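Novice: One structure follows; several queries about it will come next.
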């Protein structure tokens, strides 16, 4: 037995263009390999705002695109605040100039941060390897003299 949302979506799919397609929370969760709880969390933060059909959520293509941007931003290590700012620009600037400029600046900063972290990791690894070599040398001397 299908829900009213599923019946509407199935009925609309044959009559309406793909742009009018609605998605259930389960479909989006499955497609993006996240939990429905994750999607509801982003909704509670105001990052997505699906329509309601009774008690069911009805996600539009726009909601789906926003969810995709949110997840991409999280995978890149951006905070929810930065993602929210990005989405505001996404909505406000049809030419996406401001959005692209912001993304470029954030990407450049993230690259710098990661390069600094890599340098720190390289230094730490070298120091740990030096300590390891000293320990091995010390133990070898103690074992051969004892």
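Novice: Here is a check on your reading of the model: is residue 29 within 22 Å of residue 18 (Cβ to Cβ), assigned by TED's automatic domain parsing to the domain that holds residue 18 and outside any helix (DSSP H, G or I)?
Specialist: No: the conditions fail for residue 29.
Yes/no per residue for (1) within 25 Å of residue 37 (Cα to Cα); (2) in contact with a strand residue (DSSP E or B) (Cβ under 9 Å, 6 or more places away or on another chain):
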site: 58; (1), (2): yes, yes
site: 83; (1), (2): yes, no
site: 91; (1), (2): yes, no
site: 100; (1), (2): no, no
site: 110; (1), (2): no, no
site: 118; (1), (2): no, no
site: 143; (1), (2): no, no
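Novice: Now, a different point. If a residue has to be in a loop (DSSP other than H, G, I, E, B) and farther than 27 Å from residue 105 by Cα to count, how many in the range 50-92 make the cut?
Specialist: Of the residues in that region, 4 qualify.
Novice: Scan the range 48-69 and give yes if some residue there is over 19 Å from residue 21 (Cβ atoms), within 13 Å of the chain's Cα centre (by Cα) and surrounded by 15 or more Cβ atoms within 10 Å (Cβ to Cβ), otherwise no.
Specialist: Checked against the condition, which is being over 19 Å from residue 21 (Cβ atoms), within 13 Å of the chain's Cα centre (by Cα) and surrounded by 15 or more Cβ atoms within 10 Å (Cβ to Cβ), the range 48-69 yields no hits at all.
Novice: Among the residues of the range 102-121, are any in contact (Cβ under 8 Å) with a residue 12 or more places away in the chain, within 22 Å of residue 62 (Cα to Cα) and assigned to a helix (DSSP H, G or I)?
Specialist: Within the range 102-121, one or more residues are in contact (Cβ under 8 Å) with a residue 12 or more places away in the chain, within 22 Å of residue 62 (Cα to Cα) and assigned to a helix (DSSP H, G or I).
Novice: Sticking with this structure for a sec: Within the range 35-49, how many residues are outside any helix (DSSP H, G or I), free of Cβ contacts under 8 Å to residues at least 40 places away in the same chain and within 20 Å of residue 90 (Cβ to Cβ)?
Specialist: The number of residues fulfilling the criteria is 4.
Novice: From the list 75, 143, which one is under 28 Å from residue 28 (Cα atoms) and loosely packed, with under 10 Cβ neighbours inside 10 Å?
Specialist: 75
The values are calculated or read from the model by the stated rules, or taken from the named source; none is laboratory data. The structure presented is a predicted model; accordingly, all values stated were derived computationally and were not measured. All Cβ positions, glycine included, derive from the backbone under ideal geometry; neighbour counts span all protein chains shown.
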